[in-house]
Amino acid sequence: MIDDITKDADKRMQKSLESLRAEFSKIRTGRAHTSLLDHVMVEYYGSEVPLNQVANLSVEDARTLSVTPWEKPMVPVVEKAIMTSDLGLNPSTAGQVIRIVLPPLTEERRRELVRVVRQEAENARVAIRNIRRDANQDLKDLEKEKEISEDDQRRAEQNIQEITDRHVGAVDSLLEDKEKEMMSV
């Protein structure tokens with residue numbers, strides 16, 4: 001029972017970390033990366049699909065992305081989807097290839113993005129702490145029902161705290177890396 005609770009808490013904390021990584025990948029730095037376009041949706045024969053399902057995405061150089069739709073009629077549709085996304089990008093089309101040049105970020109915009117990144121990291125920490133609280137509550141309930149001893153409960157709570165500390169440390173490490181990446185010109 002105790003093992004189930006700790007494994008569940010560890011798995012849920014790991015999912016919080018994965019969610020944070022996904023959020024960080026959406027936040028634009030000055031460098032081109034195909035994950036920047038992951039959440040752009042395109043109208044394809046009446047349904048919304050992710051951009052990477054209708055086009056080939058590649059990085060041409062440090063600040064240029066290349067998008068090549070698989071079907072010629074999709075070129076204007078893909079271009080419009082990129083323009084209307086919340087990324088503030090201006091694609092330019094040359095035949096069947098859409099090029100997206102990422103403008104350099106201003107110092108002010110970098111600081112603004114760092115604040116956003118810190119907020120995302122704090123949200124992940126809060127989620128991890130909430131998982132710890134839930135797991136500790138489950139352990140207290142088991143102890144109240146006399147299914148485990150008080151000593152077992154304390155040991156399990158210490159184990160959950162160690163798991164929590166490890167995951168919060170991983171959040172801090174991700175945050176530090178992302179801040180360095182964003183502040184480098």
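The values are calculated or read from the model by the stated rules, or taken from the named source; none is laboratory data. Small disclaimer: the values here were computed from a predicted structure and weren't measured. Counting neighbours? That spans all protein chains shown, and the Cβs are built from the backbone with ideal geometry, glycine included.
Annotation: of all residues in the range 1-54 being part of a loop (DSSP other than H, G, I, E, B) and among the hydrophobic types (A, V, I, L, M, F, W, C), the one that is farthest from ARG132 (Cα to Cα) is VAL54.
For the range 130-156, give me each residue that is closer than 18 Å to LYS11 by Cβ and over 24 Å from the mean Cα position of the chain (by Cα).
Of all residues in the range 130-156, those closer than 18 Å to LYS11 by Cβ come to 130-139, 156.
ALA135, ASN136, GLN137, ASP138, LEU139, ALA156, listed by residue number.
Within the range 73-83, identify whether any single residue is farther than 30 Å from GLN53 by Cβ and small (Gly, Ala, Ser), and answer yes or no. Explain how you work it out, then say what you get.
In the first step, residues of the range 73-83 are kept if they are farther than 30 Å from GLN53 by Cβ; the result is none.
Checking the range 73-83: not a single residue is farther than 30 Å from GLN53 by Cβ and small (Gly, Ala, Ser).
In the range 25-67, the residue that is farthest from the chain's Cα centre (by Cα) out of those that are within 17 Å of ASP86 (Cβ to Cβ) and basic (Lys, Arg) is ARG28. In summary, ASP134 fulfils each of the numbered conditions (1) surrounded by 13 or more Cβ atoms within 10 Å (Cβ to Cβ); (2) not assigned by TED's automatic domain parsing to the domain that holds ALA170 with the single exception of condition (2).
Residues in the range 79-122 that are crowded, with 16+ Cβ neighbours inside 10 Å, touching a residue at least 40 places away in the same chain (Cβ under 8 Å) and among the charged types (D, E, K, R): ARG110, GLU120. Pairing each residue of the range 59-78 that is without any contact (Cβ under 8 Å) to a residue 24 or more places away in the chain and of a type outside the set (Ser, Thr, Tyr) with any residue that is outside any strand (DSSP E or B) and crowded, with 16+ Cβ neighbours inside 10 Å, provided the two are 6+ apart or on different chains, yields C-beta distances under 8 Å for TRP70/VAL54; GLU71/VAL54. Among the residues of the range 49-57, is any without any contact (Cβ under 8 Å) to a residue 12 or more places away in the chain, surrounded by fewer than 15 Cβ atoms within 10 Å (Cβ to Cβ) and over 17 Å from GLU181 (Cα atoms)? Scanning the range 49-57, I find at least one residue that is without any contact (Cβ under 8 Å) to a residue 12 or more places away in the chain, surrounded by fewer than 15 Cβ atoms within 10 Å (Cβ to Cβ) and over 17 Å from GLU181 (Cα atoms), so the answer is yes.
For the range 59-66, check the following and say yes or no: at least one residue is more than 24 Å from GLU179 (Cα to Cα) and in a helix (DSSP H, G or I).
Taking the range 59-66 first, the residues more than 24 Å from GLU179 (Cα to Cα) are 60, 66.
Then keep just the ones that are in a helix (DSSP H, G or I); that gives none.
No, that holds for no residue.
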